[in-house]
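Shown next, in structure tokens, is the structure this report addresses.
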Amino acid sequence: MVNRLARFLMAALLASLIAAVCTWGLSLFWVAIGGGAMTLHGWIAMGLGVLGTVGLAWGLMALAFRSHREGWDDRVDNRLDPGRDEQGR
């Protein structure tokens, strides 16, 4: 269990580092093409937006995987689905 957690944390750290480097590189590119420099408030807003988006995506994917593993999708009544034929296939 510890090894699995360590691998997850290393992968998360690596992904965060890659995202930070890419963000920094894009900001340099933005300034190089004549765009204005971002203020501290801009960096904070962008960071919160990225974290919120990643957190939401992670949470929704976790729910989808859990639903699939526990068979919640199999228990749905699809008889009234307009895309299904009358024989229930």
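Taken over region 55-77, the criterion of being in contact with a helix residue (DSSP H, G or I) (Cβ under 9 Å, 6 or more places away or on another chain) and either exposed (fewer than 11 other Cβ atoms within 10 Å of the Cβ) or among the acidic types (D, E) (or both) is satisfied by R66, D73.
Based on what the data block shows, is L80 assigned to a helix (DSSP H, G or I) and open to solvent by 100 Å² or more (accessible area, probe 1.4 Å)? Walk me through how you get there before you give the answer.
Details: assigned to a helix (DSSP H, G or I): no; open to solvent by 100 Å² or more (accessible area, probe 1.4 Å): yes.
For L80, the condition - assigned to a helix (DSSP H, G or I) and open to solvent by 100 Å² or more (accessible area, probe 1.4 Å) - is not met.
Residues that are farther than 14 Å from V50 by Cβ and of a type outside the set (F, W, Y) within region 17-37 comprise G25, L28, V31, A32, I33, G34, G35, G36, A37, listed in sequence order. Output the number of residues of region 1-54 satisfying the condition of being assigned to a loop (DSSP other than H, G, I, E, B) and open to solvent by less than 60 Å² (accessible area, probe 1.4 Å). Of the residues in that region, 2 qualify.
The values are calculated or read from the model by the stated rules, or taken from the named source; none is laboratory data. The structure presented is a predicted model; accordingly, all values stated were derived computationally and were not measured. No Cβ is skipped: glycine too gets one built from the backbone with ideal geometry, and neighbour counts run over all protein chains shown. Note: areas computed on protein heavy atoms with side chains; ligands, DNA, RNA excluded. Shrake-Rupley method; radii C 1.70, N 1.55, O 1.52, S 1.80 Å.
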